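Enquirer: Got a structure for you, written out below as structure tokens; questions coming shortly.
The values are calculated or read from the model by the stated rules, or taken from the named source; none is laboratory data. Worth saying up front: this structure is predicted, and the values here are computed from it rather than measured. With ideal geometry, Cβ positions are generated from the backbone for all residues, glycine too; neighbour counts draw on all protein chains shown.
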Amino acid sequence: MDKHEAKSLLGKYLDNRCTPEEKAAVEQWYHALQDDYQWTLEGARRLETQADLKQKIDRAIGILPQVVPLYRRPWLRYAAAILLLAAVATWMLLPKHTPAPAITTVADLLPGSNKATLTLGNGTTLTLDSASNRHLATQGSTQVSQQKGGMLVYTGGRQSEGQPEFNTLTTPKGGQYRLTLPDGSKVWLNAMSSLRFPASFPGKERRVEVQGEAYFDIATNTQQPFIVMAANTAIEVLGTKFNVNAYTEQQTLTTTLLQGKVKVSSANTVILEPGQQSVNASSGKQMIRIVDQADTELATAWMNGYFRFKQASVQEVMQQIARWYDIEVSYEGLPPAQKFSGEISRTSKLSEVLTGLSMSGIHTKVTGNKVIIIP
């Protein structure tokens with residue numbers, strides 16, 4: 001559809017002649033174009049003026065940015081599904097008889113949920129979910145329980161105890177879980193991740209091991225430093241909030257500090273201040289690099305219910321989507337060269353995510369839990 005036809009659709013909107021679908025598309029596009037638009041759970045505020053609407057859409061018709069935007073903050077924080085600015089614009093410009101971009105779906109897949117496996121020190125394996133409160137085990141003086149909403153809680157561990165049992169919390173593809181350690185520290189574990197930790201912290205330090213991605217909110221104890229081991233790297237803290245991304249396939253470890261101070265040690269040692277990020281090779285053979293003024297919202301979006309991307313490749317986008325929706329991703333030919341910036345709600349169905357990507361030129365073929373990116 002050309003600019004004349006697009007303006008005709010806008011005219012229908014202004015004359016109250018749109019179908020409900022056309023009306024929703026025009027308003028969603030308008031909202032995406034307005035940077036300071038505020039969205040509430042009660043619903044969108046009224047459009048400010050018809051003239052303002054027409055001016056914004058006229059200016060944007062036919063213009064697609066180099067970086068495909070997946071969102072406009074802050075209103076999308078309360079949206080239930082993915083909204084791509086480019087996708088909304090494309091949909092609005094498509095005539096009713098035009099078929100959707102190529103996407104073949106066999107069965108829709110739901111997003112991930114709160115689920116994990118707890119392996120106790122004696123080898124016992126327990127399946128965790130978010131259904132109910134229940135007592136799981138007693139380890140020395142430590143009580144282990146599952147709380148409704150997807151949280152594992154350790155309480156009552158004494159520092160005077162001898163060698164504690166080590167447990168491992170593991171999330172599968174499509175799973176996430178929260179954990180309260182015996183010292184009161186809190187951990188959020190992303191999909192395809194694991195945390196190995198003791199049932200109590202009796203020694204001079206509190207030490208855990210993480211693979212994958214986790215966010216830590218550490219209880220302050222100046223007499224007992226908290227140490228996170230990940231991919232040949234030690235992250236030492238006293239009391240702080242930080243995110244660790246250490247997925248094996250990425251071959252890098254990223255530590256993002258939100259509050260407090262941490263010491264990161266690998267091939268060299270650096271001290272991070274709030275808002276900084278360290279990046280180093282998982283092999284431990286390269287010097288740690290510090291990123292000042294890091295995007296902390298980008299690093300922690302997953303625990304707030306979103307994927308967030310900034311100049312991300314298709315491979316980077318699909319890597320995160322694959323973990324959360326428990327899918328296998330492959331490519332026919334070379335991966336598309338587009339870069340993406342924006343947010344996707346982690347509550348979206350897979351079909352909504354793939355439809356948005358297809359409208360941005362990323363076409364897919366789905367068979368079961370396998371997604372193929374096609375030219």
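Enquirer: List the pairs whose first member sits in the stretch 210-222 and is surrounded by fewer than 24 Cβ atoms within 10 Å (Cβ to Cβ), whose second member is among the charged types (D, E, K, R), and whose Cβ atoms are under 6 Å apart, counting only residues at least 6 apart or on separate chains?
Expert: Final answer for the pair search is D217/K186; D217/K241; A219/D183.
Enquirer: Which residue pairs have Cβ atoms closer than 8 Å, lie 6 or more positions apart in sequence or on different chains, and pair a first residue in the stretch 118-135 that is among the acidic types (D, E) with a second residue that is assigned to a loop (DSSP other than H, G, I, E, B) and buried (at least 17 other Cβ atoms within 10 Å of the Cβ)?
Expert: D129/K115; D129/G150
Enquirer: On the given criteria, is N243 under 23 Å from S113 (Cα atoms) and assigned to a strand (DSSP E or B)? Before the answer, list the steps.
Expert: Details: under 23 Å from S113 (Cα atoms): yes; assigned to a strand (DSSP E or B): yes.
It is true that N243 is under 23 Å from S113 (Cα atoms) and assigned to a strand (DSSP E or B).
Enquirer: Since K173 meets every condition but one in (1) modelled with pLDDT under 95; (2) surrounded by fewer than 23 Cβ atoms within 10 Å (Cβ to Cβ); (3) at negative phi; (4) part of a loop (DSSP other than H, G, I, E, B), which condition does it not meet?
Expert: (1)
Enquirer: Mind checking which residues of the stretch 308-350 are within 9 Å of the chain's Cα centre (by Cα) and either in the same structural domain as F216 (by TED's automatic domain parsing) or polar (S, T, N, Q) (or both)?
Expert: If the condition is that a residue be within 9 Å of the chain's Cα centre (by Cα) and either in the same structural domain as F216 (by TED's automatic domain parsing) or polar (S, T, N, Q) (or both), then Q320, S345 are the ones that fit.
Enquirer: Still on this structure, please answer the following. Restricting attention to the stretch 254-276, which residues are modelled with pLDDT of 95 or more, out of contact with any helix residue (DSSP H, G or I) (no Cβ under 6 Å at 6 or more places or on another chain) and surrounded by 23 or more Cβ atoms within 10 Å (Cβ to Cβ)?
Expert: T255, L257, V262, V264, L272, listed by residue number.
Enquirer: Has the stretch 214-229 got at least one residue that is charged (D, E, K, R) and under 23 Å from the mean Cα position of the chain (by Cα)? Spell out how you get there, then give the answer.
Expert: Residues of the stretch 214-229 that are charged (D, E, K, R), as a first pass: 217.
Applying the additional criterion that residues be under 23 Å from the mean Cα position of the chain (by Cα) yields 217.
Yes, that holds for at least one residue.
Enquirer: Working carefully through the options P101, P164, find the one that is at pLDDT below 90, part of a loop (DSSP other than H, G, I, E, B) and in the same structural domain as M318 (by TED's automatic domain parsing).
Expert: After ruling out the rest, the residue left standing is P101.
Enquirer: Tell me, yes or no, whether the stretch 287-302 has at least one residue that is free of Cβ contacts under 8 Å to residues at least 12 places away in the same chain and of a type in the set (A, V, I, L, M, F, W, C).
Expert: Just the residues of the stretch 287-302 that are free of Cβ contacts under 8 Å to residues at least 12 places away in the same chain, to begin with: 289, 297.
Subsequent filtering for residues that are of a type in the set (A, V, I, L, M, F, W, C) retains none.
Looking for residues that are free of Cβ contacts under 8 Å to residues at least 12 places away in the same chain and of a type in the set (A, V, I, L, M, F, W, C), one finds none in the stretch 287-302, hence no.
Enquirer: Here's another thing I want to ask about it. Just checking, does the stretch 320-331 include any residue being surrounded by fewer than 18 Cβ atoms within 10 Å (Cβ to Cβ), among the hydroxyl-bearing types (S, T, Y), within 22 Å of Y215 (Cα to Cα) and out of contact with any Lys or Arg (no Cβ under 6 Å at 6 or more places or on another chain)?
Expert: Within the stretch 320-331 (the criterion being surrounded by fewer than 18 Cβ atoms within 10 Å (Cβ to Cβ), among the hydroxyl-bearing types (S, T, Y), within 22 Å of Y215 (Cα to Cα) and out of contact with any Lys or Arg (no Cβ under 6 Å at 6 or more places or on another chain)), the answer is no, since none of the residues qualifies.
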